[in-house]
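These notes concern the structure reproduced below.
Each value in this text was obtained by applying a stated rule to the coordinates, not by laboratory testing. Small disclaimer: the values here were computed from a predicted structure and weren't measured. As a convention, Cβ positions derive from the backbone with ideal geometry for all residues, glycine included, and neighbour counts pool all protein chains shown.
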Amino acid sequence: MREFDIDRMGLGHLTAAVQFGFISGTLIFAILTIADRYSPSKVFLFCAVSGALFNLIMLLDQNSLISLATSRFMVGFSLAGVYPVGMKIASDHFDKGLGKSLGYLVGALVLGTAFPHLVKVITVDSSLPWRWVVILTSVLSLMGGILLFSLVGDGPYRKVSKGFHLNAFFKVFASGSFRTAAFGYFGHMWELYAFWAFIPFLLEYRNLSIPGSDLNVPLLSFIIIAVGGLACVIGVYIAREKRVKKVARTALLISCCCCLLSPFMLQIPSNTIFLVFLICWGMAVIADSPLFSTLVAKNAIAEYRGTALTIVNCIGFAITIVSIQTLNLLQETINPQYLLIFLAFGPVLGLYVLFRK
């Protein structure tokens with residue numbers, strides 16, 4: 001903000017640009033069935049490299065808000081060939097045990113989401129310039145693309161889609177089981193990214209509203225988000241003993257209860273109890289994500305599995321923009337203590353679909 005004279009509204013535009021880029025990318029990838037027509041590992045490598053390069057554009061001294069927003073949009077666009085394509089690659093490697101592999105994959109996503117908060121702790125303590133965060137994330141993106149392409153590659157269960165089928169975008173929703181899994185995922189996404197985005201806000205609000213509270217915001221933000229990676233792995237192992245849908249439903253129910261309890265927990269005198277509550281919420285809010293992805297992948301038409309995963313990601317991330325912007329508007333008009341109650345809206349709708357006969 002200081003380097004390029006950007007206000008908080010502009011900073012919000014940069015954040016939204018990444019989400020819009022991802023949505024645009026997943027929409028185009030889904031319509032063109034990119035992940036099903038071409039080698040997924042090559043698509044992954046190309047997009048990881050392009051994402052790293054567009055990320056480095058932030059380092060140019062001549063940047064304006066428009067050029068920065070454009071580069072952030074293209075980073076988001078590149079991610080459309082990384083996250084859903086990564087799930088497609090996992091589904092092509094596992095005929096059985098797909099849920100476990102997606103648990104580790106989404107767990108890695110969670111660690112990646114939490115990582116910038118940890119980098120902030122390191123850079124603040126060592127007075128490193130902000131550019132190191134950009135350089136480090138680009139290097140990791142390059143490494144991720146190269147490692148997957150050279151060590152993993154395309155899976156033995158991959159089915160190549162024959163040609164371009166525009167109706168594939170709509171065909172995947174023909175299955176009732178697929179729709180149930182997808183709409184459960186959409187309800188989960190309404191809560192997930194808004195919760196992650198507002199964790200620093202919650203911790204700051206706690207410091208301001210409770211006398212003597214001096215919580216380390218970036219470090220605790222990292223811990224609360226990162227512990228969700230462990231929950232993803234635990235969730236898929238539990239799902240091996242129970243039904244996947246039942247475990248996903250339980251996690252969604254717990255996170256819904258956390259939304260409703262948030263006004264009371266924000267005012268509880270004990271910081272310890274408050275942090276335990278946030279850590280439990282951080283685990284429940286993401287534990288169902290690999291389970292929903294497993295249900296989506298298993299109930300999708302085999303030759304359109306990559307397209308199905310990409311479509312669901314596209315719609316899911318579009319929902320995150322609506323929920324985040326809704327909270328942004330509401331925080332100007334209501335007491336922040338009651339803000340996260342509105343996140344329960346998504347889980348309630350998701351639970352309705354999952355419990356419906």
* Asked: Mind listing the phi-derived Karplus ³J(HN,Hα) values for segment 258-266, rounded to whole Hz, using 6.51, -1.76 and 1.60 with θ = phi - 60°, and x for any glycine or proline?
  -> 4, 4, 6, 7, 4, x, 6, 6, 5
* FRET E, pair M143, F94, Förster distance 25 Å, beta-carbon r, rounded to 0.05 -> 0.60
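How big is the Cα convex hull of segment 85-156 in projection, averaged over all directions, in nm²? Write down the numbers at each step before the final one.
Working: hull surface 21.5 nm².
One quarter of the hull surface, i.e. the mean projection, equals 5.4 nm².
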* Structure fact -> The convex hull of the Cα atoms of segment 102-252, divided by residue count, gives a volume in Å³ per residue of 191 Å³
* Structure fact -> A correct fewest-to-most ranking of R158, R179, R37 by other Cβ atoms within 10 Å would be R179, R37, R158
* Structure fact -> Counting only residues 5 or more apart in sequence or on a different chain, those whose built amide H sits under 5 Å from that of D154 are S41
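Nearest 500 deg cm²/dmol is fine: what mean residue ellipticity at 222 nm does the chain get from its DSSP H runs of n ≥ 4 alone, each adding -39,500 (n - 2.57), divided by its residue count?
On the way: 15 runs with 271 residues, N = 357.
Roughly -25500 deg cm²/dmol at 222 nm, from the helical runs in the chain.
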* Averaging sequence separations of C-alpha pairs under 8 Å and six or more residues apart, then dividing by the length of the chain, give the relative contact order as a whole percent. => 28 percent
* To do: With a 10 Å radius around each residue's Cβ, average the other Cβ atoms per peptide and rank 44-50, 131-137, 339-345, highest first.
  => 44-50, 339-345, 131-137
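Using only Cα atoms, figure out Rg for segment 1-55 and give it as a multiple of 2.2 N^0.38 Å.
1.49
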* Asked: Got the relative contact order for segment 165-271 handy, in percent, Cα pairs under 8 Å and 6 or more residues apart?
  -> 25 percent
* To do: Take S175, project a point 7 Å from its Cα along the Cβ direction, then tell me which residues of segment 292-314 have their backbone nitrogen under 16 Å from it.
  => 292-313
* Asked: How long are the semi-axes of the ellipsoid equivalent to segment 47-102, from square roots of 5 times the Cα gyration tensor eigenvalues, in whole Å, largest first?
  -> 34, 8, 7
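On average, how much area does the Cα convex hull of the chain cover when viewed from any direction, in nm²?
On the way: hull surface 72.1 nm².
Averaged projected hull area, Cα only: 18.0 nm².
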* To do: Apply the Kirkwood formula to segment 1-123: the hydrodynamic radius equals the inverse of the mean of 1/r over all pairs of different alpha-carbon atoms; give it in Å with one decimal.
  => 15.9 Å
* Structure fact -> If R0 = 22 Å, then R8 and E204, at their Cβ-Cβ distance, give a FRET efficiency to the nearest 0.05 of 0.95
* To do: Using label points projected 7 Å from each Cα along Cα→Cβ, tell me how many nm separate K242 and V134, to one decimal.
  => 4.6 nm
* Which whole-Hz couplings ³J(HN,Hα) result when phi for each residue of segment 58-75 is put into the Karplus expression 6.51 cos²θ - 1.76 cosθ + 1.60, θ = phi - 60°, listed in order with x for Gly and Pro? -> 4, 7, 5, 5, 7, 5, 10, 4, 5, 5, 5, 5, 5, 5, 5, 4, 6, 4
* Asked: Residue-wise, which Karplus ³J(HN,Hα) couplings in Hz belong to segment 154-159, taking 6.51 cos²θ - 1.76 cosθ + 1.60, θ = phi - 60°, and x for glycine or proline?
  -> 6, x, x, 9, 5, 10
* What's the longest piece of the chain with no exposed GluC sites (Glu not before Pro), counting a site as exposed if DSSP puts it in a loop and it has at most 12 other beta carbons within 10 Å? -> 4-331
* Across the Cα atoms of segment 224-281, what radius of gyration and what greatest pairwise Cα-Cα distance (Dmax) are found, in Å? -> 13.2, 39
* Residues V312, V276, V43, V18 arranged by fewest to most Cβ contacts within 10 Å -> V276, V18, V43, V312
* **L151-N335 FRET efficiency (beta carbon distance; Förster radius 51 Å; 0.05 resolution)** => 0.50
* Structure fact -> With segment 202-357 reduced to its Cα atoms and the Debye formula applied, log10 I(q)/I(0) at q = 0.12, 0.15, 0.20 1/Å amounts to -0.60, -0.90, -1.40
* Asked: What size of dipole, in debye to the nearest 20, comes out for segment 202-357 about its Cα centre when the only charges are +1 on Lys and Arg C-beta atoms and -1 on Asp and Glu C-beta atoms?
  -> 860 debye
